[in-house]
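Taking it in order: structure first as structure tokens, then the write-up.
Values quoted throughout were computed directly from the atomic coordinates according to the rules given, and no laboratory measurement underlies them. Keep in mind that what you see is a predicted model, and the values were worked out from it rather than measured. Counting neighbours? That spans all protein chains shown, and the Cβs are built from the backbone with ideal geometry, glycine included.
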Amino acid sequence: MIVAERKPLDEIQQSLEGCKSVLVAGCGTCVTVCMAGGEKEVGVLASMLRMRAKMDGTELDIREATVQRQCDREYVEQLAELGEECDAILSMGCGVGVNYATEVLKTVRVIPALNTRFYGANVDEGVWSERCGGCGECIVASTEGICPIARCSKSILNGPCGGSQDGTCEVDPEIACVWQLIYDRMDSLGRLDKLEEILAPKDWSKGRDGGPGTTSREDAAAIDRGEASE
Amino acid sequence: MDMKSGSNLEKMLAAGHFAVTAELGPPKSADAKAVSKKCRYLKGIVEAANITDNQTAIVRMSSIAGGVLALKRGVEPVVQMTCRDRNRLAMQSDILGAHALGVRNLLCLSGDHQKFGNHPTAKNVFDIDSIQLIQMVKEMRDDRLFMCGEEIRNTPKAPIVEPRMFIGAAANPFADPFAFRVVRLAKKVEAGADFIQTQCIYDMDRFREWMRQVVDRGLHERTAILAGVTPLKSAGMARYMRDNVPGLSVPDSVVERIAGAKKGSDEGIAFCVEQIEELKEMEGIAGVHLMAIEWEQKVEQILEATGLLPRPKVEADEAPEEG
């Protein structure tokens, strides 16, 4: 899922300067699961903003709404009516949600309340950890399902570097050296000989080829048009 | 014999001499005199000196500029290049420029993470890794091609003028997983490393074990292995190296030896001399890489004590062309 964290309250408050009415808009998908921007977090943030406004003696009308997804037009449009009555929408969606709401709603300002961090998994109670770099051309068949692009501090394809010690990364002893993990996995599968091969330089254009990445599916479009599919 | 680069270091190794390289950290300023001063300590007593590339991710004078200054002051440079700060375009263009300015040795490194340096909020590059960099420099030299496959010539009719580097790489026998360290060295040799400089050795037992694996795989016959040593200035430095430098192994016995001595710096030099004596006799070792960090003035004393001075002479070559 996309993992995000709420911005510091001071920063959010600063970005709302001049607004007299704000719609705090949650998203019911990734950021609900990672407990950053779902209905519950919308409630908490809205209360905090109301309290701050009261303490500061400023006028601020805070409304709340959470839609299923801020990355789908049909849901984002649900924010239109409430949002248009306000000076701004404070989106608790990921960066995609903020951008898409801006695009769909056009006339309303959309301000981010979250910092979007990474694609990650829920690895422990309350802990999310990055597992994919979204690089556009997956290479983990060569590394037995473990991604060095996202998980090595230097994204090294022929690791581990000289800073791997006792299974940890030189950058921080709390970071697992992903190349140690790859080595151990290869070892357990009896495939260590694969690590003798040099992995070729990566084609970064698959992920960052100028302008936003775009993908289309003719079969999905056909279904939308009501055409029969195979 | 046909030389790959014609560098002094390459010739010394080709002639079978036990080679000596040193390290010359460029200044954290635009002060050319700082390079000159260090060159005075190293000129004529080492085959070449490594010019570090923003080491520990702290901004310094560029390694190519430092290398050219060193060259002008009679010290052959080994220009270090890290993957942290440049993508494949910048690297290739810098390699062309380095060759044009007379540089003939290039050490290919991943680079310390920016977190350790003085610009921790910088974006790192790591477009390619150190092994891929070695491959690229070798292809530029031997196949006379850019990484994209184009020939290294200005126009279709212009002559091919490829950069000819003696290619170096680092090896760290003290990092983990230990069993993989020799495999990684083999990958660097396969990629095209002509010489290897190791991380500085304090744990000689582990180094000996690693070298045994290197010799078993015959890698010492395909690349020249220069063993890294760094003289300890004090017990404080020994402790710092033990506790704070990632990928380094400093046994407690070494720290105790320096700490127990009447004068730590003398003991540090005595220990370094003993290490070099042992390395001179070790199978598969082609030379020593003496990294006297901000202590370049001691290089001569250490080499004198190990009988490595005067340096043997190899056939002089005309100075590399400039401009």
Starting from a Cα-only point model with no solvent, please compute log10 I(q)/I(0) by Debye for the range A:56-147 at q = 0.12, 0.17, 0.21 1/Å. -0.54, -0.83, -1.01
Order of B:D2, B:D85 from fewest to most other C-beta atoms within 10 Å? B:D2, B:D85
Computed FRET value (nearest 0.05) for A:I139 with A:R50, which takes r as the C-beta separation and R₀ as 51 Å: 0.60
Could you tell me the calculated FRET efficiency between B:D252 and B:K313, based on Cβ-Cβ distance and R0 = 45 angstrom, to the nearest 0.05? 0.60
Treating the range A:2-118 as a set of equal point scatterers at the Cα positions, no solvent, please give the Debye-formula log₁₀ I(q)/I(0) at q = 0.09, 0.18, 0.22, 0.23 Å⁻¹. -0.19, -0.80, -1.21, -1.32
Going 7 Å from the Cα of B:C148 along its beta-carbon direction, which residues of the range B:69-106 have the amide nitrogen within less than 14 Å of the resulting point? B:88-93
Histogram of C-alpha separations across chain A, 5 Å bin width, %: 1, 6, 11, 13, 13, 12, 11, 10, 9, 7, 4, 2, 1, 0
Between the alpha-carbon centers of the range A:39-113 and the range B:245-294, tell me the distance in whole angstrom. 63
Would you mind giving the mean number of other chain beta-carbons within 10 Å of the Cβ of each residue in A:195-205, as a whole number? 4
Estimated distance in nm for a label pair at B:M3 and B:K280, the labels positioned 7 Å out from Cα along Cα-to-Cβ: 2.6
Violating pairs (Cα-Cα greater than 20 angstrom) within the set A:K202/B:K4; A:K154/B:K123; B:K43/B:K188; B:K4/B:K37; B:K43/B:K280: A:K202/B:K4; B:K43/B:K188; B:K4/B:K37; B:K43/B:K280
How large is the dipole of the range B:8-305 about the Cα centre if only Lys and Arg carry +1 and Asp and Glu carry -1, each at its Cβ, rounded to the nearest 20 debye? 880
Treating every alpha carbon of the protein assembly as shown as one equal point scatterer without solvent, the Debye formula yields log10 I(q)/I(0) values at q = 0.06, 0.12 Å⁻¹ of -0.40, -1.12
With a Förster radius of 25 Å, plug the Cβ-Cβ distance of B:D266 and B:S36 into 1/(1 + (r/R0)^6) and report the FRET value to the nearest 0.05. 0.35
Just grab the label-to-label distance for A:K194 and A:A80, each label 7 Å out from Cα along the Cβ direction, in nm (one decimal). 5.0
Distance in nm between label sites at A:S205 and B:A14, each 7 Å beyond Cα in the beta-carbon direction? 3.8
Protection proxy (average C-beta count within 10 Å per residue), highest first, orders A:24-37, B:132-145, B:251-264 as A:24-37, B:132-145, B:251-264
Semi-axes of the equivalent ellipsoid for the range B:8-305, Cα gyration tensor, largest first, Å: 31, 21, 19
Excluding same-chain residues fewer than 8 positions from B:K138, which aspartates and glutamates have a Cα within less than 13 Å of its Cα? B:E162, B:E190, B:D194
Which Cα, out of B:T155, B:F18, B:G102, lies furthest along the positive dipole direction of the range B:8-305 (beta carbon charges, K/R +1, D/E -1)? B:T155
Taking the beta-carbon count within 10 Å as an exposure proxy, list B:H289, B:H220, B:H119, B:H17 from fewest neighbours to most. B:H119, B:H17, B:H220, B:H289
Nearby aspartates and glutamates by direct alpha-carbon distance to A:K7 (threshold 17 angstrom, same-chain neighbours under 8 apart not counted): A:E17, A:E39, A:E41
